[in-house]
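Input: a single structure, listed below in structure tokens.
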């Protein structure tokens, strides 16, 4: 069982990285092809719920409020939205610290 990543929380903004059709042996036959066009790769969504789904007990799923259908999507289809400000603050904080040394 996989742990839910810290970024996968209600209200979090995420970016779709996989908008492929719902096909394959792990998708119930009644679901195959019915979800086409629900997600758009590169689009931003807001997580409205997360957890397991009865149809996919081994997969972490999320509901996103901007999707036309209110069924779950695999969490693997998303990554956290990182804004430029967050990116700069997180990765360049030490370089941006330009305080004068104490006693100078």
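Any read-out appearing in this document is the output of simple, stated calculations on the displayed coordinates, not a laboratory observation. A quick note: this is a predicted structure, and the numbers were derived from the prediction, not measured. No Cβ is skipped: glycine too gets one built from the backbone with ideal geometry, and neighbour counts run over all protein chains shown.
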Between residue 41 and residue 86, how high is the FRET efficiency from 1/(1 + (r/R0)^6) when r is the Cβ-Cβ distance and R₀ = 25 Å? Nearest 0.05. 0.70
Taking a ≥ b ≥ c as the square roots of the Cα gyration tensor eigenvalues, with a/c under 1.5 meaning rounded and otherwise prolate when a/b beats b/c, else oblate, which class fits segment 53-92? oblate
With each pseudo-label sitting 7 Å past Cα toward Cβ, what's the residue 6-residue 95 distance in nm, one decimal? 2.3 nm
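Among 45, 50, rank each residue by its count of other Cβ atoms within 10 Å, from fewest to most, as a rough exposure measure.
50, 45
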